[in-house]
Amino acid sequence: MSLLVIENLSKIYKSKKKTIHALDNISLEVEKGDFVTITGPSGSGKTTLLLTLAGMIKPSSGKISFNDFHIEKASDRRLAGYRKKNVGFVMQSFALIPYLTALQNVMVPLSLVNSRSSIQKSKAKKVLEMVGLEDRIYHLPKELSAGQQQRVAIARALINNPSVIFADEPTGNLDPALSGEILKTFKEINSNQKITILMVTHSPQAAEYGNKNIRLCDGKLI
């Protein structure tokens, strides 16, 4: 069953001097439960594709449907609802709030949800256990290794039970051993939770973790 259907998707940036086709007429389908890795050289459109599918960048043309919800036509309010309900995002830089504990960082997305603090705390503890950080929940980011910080970021992405996680170079700041740990965590989430993952990576080794790989070059699917 198709979760995401992308048809003739293009994103064009124009300046006085030149026109850049960041995405050039891309069509593909992502099935529910897929682990899709997106590779290609720098500047090929990988991150632009991810941000467009997450409803964070408006396409210039084309269609994107998520379970029959048309992302390209949606208002900002409806896109915010789409992300809140369906999307988890993991970035290369971790993007943790330095003065909050691991538990508090994971609870941040729940601040938008009208539920009791005790329920939010219980959910956050559960996802931190899921990523193997049950003994680090009260540590600040500076007290955690890079790999542990990225697992906090993954737990934060999981907290609202998303249908899909978009991960942009999630192992880019990690050494090979820590990269392997994070990739195994993603694989377990994909296998055990049946959460669809789209992951941008430069690493051929990381790309092998997906069941599908797409490659971009100059904004085109090749």
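The values are calculated or read from the model by the stated rules, or taken from the named source; none is laboratory data. This is a predicted model, so every value here is computed, not measured. Note that we place each Cβ from the backbone using ideal geometry, even for glycine, and neighbour counts take in every protein chain shown. Ligands, DNA and RNA are excluded from the accessible area calculation, which covers all protein heavy atoms including side chains. Shrake-Rupley method; radii C 1.70, N 1.55, O 1.52, S 1.80 Å.
For the range 102-197, pairs of C-alpha atoms spaced more than 16 angstrom apart make up 53 percent of the total.
Highest GNM mean-square fluctuation among I197, I12, I182, for the chain modelled with Cα contacts below 10 Å: I12.
Accessible surface ranking for K194, K125, 1.4 angstrom probe, highest first: K194, K125. Counted residue by residue at 0.36 nm each, then reduced by the alpha carbon distance between them, the extension gain from N173 to K142 reaches 9.6 nm. Working from Cα pairs under 8 Å separated by at least six residues, relative contact order for the range 34-85 is 22 percent.
Once the chain from I57 to S75 is taken as fully extended at 0.36 nm per residue, the excess over their C-alpha distance is 5.3 nm.
Inter-part distance, the range 37-99 to the range 111-152, computed on C-alpha centroids, equals 24 Å. Using a Gaussian network model of the chain in which every pair of alpha carbons under 10 angstrom is joined by a spring, one finds that among N105, N211, N173 the greatest mean-square fluctuation is at N211. Comparing S117, S179, S15 in a Gaussian network model of the chain where C-alpha atoms under 10 Å apart are linked, the largest mean-square fluctuation is found at S15. S122 contributes an accessible area of around 60 Å² to the protein surface, as traced by a 1.4 Å probe with all chains present. Per residue, the convex hull around the alpha carbon atoms of the chain comes to 134 Å³.
What a 1.4 Å probe finds exposed on the chain is 51% carbon and sulfur by accessible area, rounded to a whole percent.
When the helices of the chain are scored as -39500 (n - 2.57) per DSSP H run of n ≥ 4 and the total is divided over every residue, the value at 222 nm lands at -10000 deg cm²/dmol.
In the chain, excluding the sites themselves, the longest stretch lacking any of the chymotrypsin sites (Phe, Trp or Tyr not before Pro) that are in a DSSP loop with at most 13 other Cβ atoms within 10 Å is 1-98. Projected label points at Q104 and C217, each 7 Å from Cα along the beta carbon direction, are separated by 4.9 nanometres. With R₀ set to 35 Å, the beta-carbon distance separating N25 from K194 gives a calculated FRET efficiency near 0.70. A convex hull fitted to the Cα coordinates of the range 39-124 yields 141 cubic angstrom per residue. Rounded to the nearest 10 square angstrom, M130 shows an accessible area of 80 square angstrom against a 1.4 Å probe.
Can you tell me what share of the DSSP beta bridges in the chain is antiparallel? A percent to the nearest 5 is fine. Antiparallel: roughly 50 percent of the beta bridges in the chain. Annotation for K16 and N67: the two label points, set 7 Å from Cα along the Cα-Cβ direction, are 4.7 nm apart. Accessible surface area normalised per residue over the range 2-65 is 46 Å², counting heavy atoms of protein chains with a 1.4 Å rolling probe.
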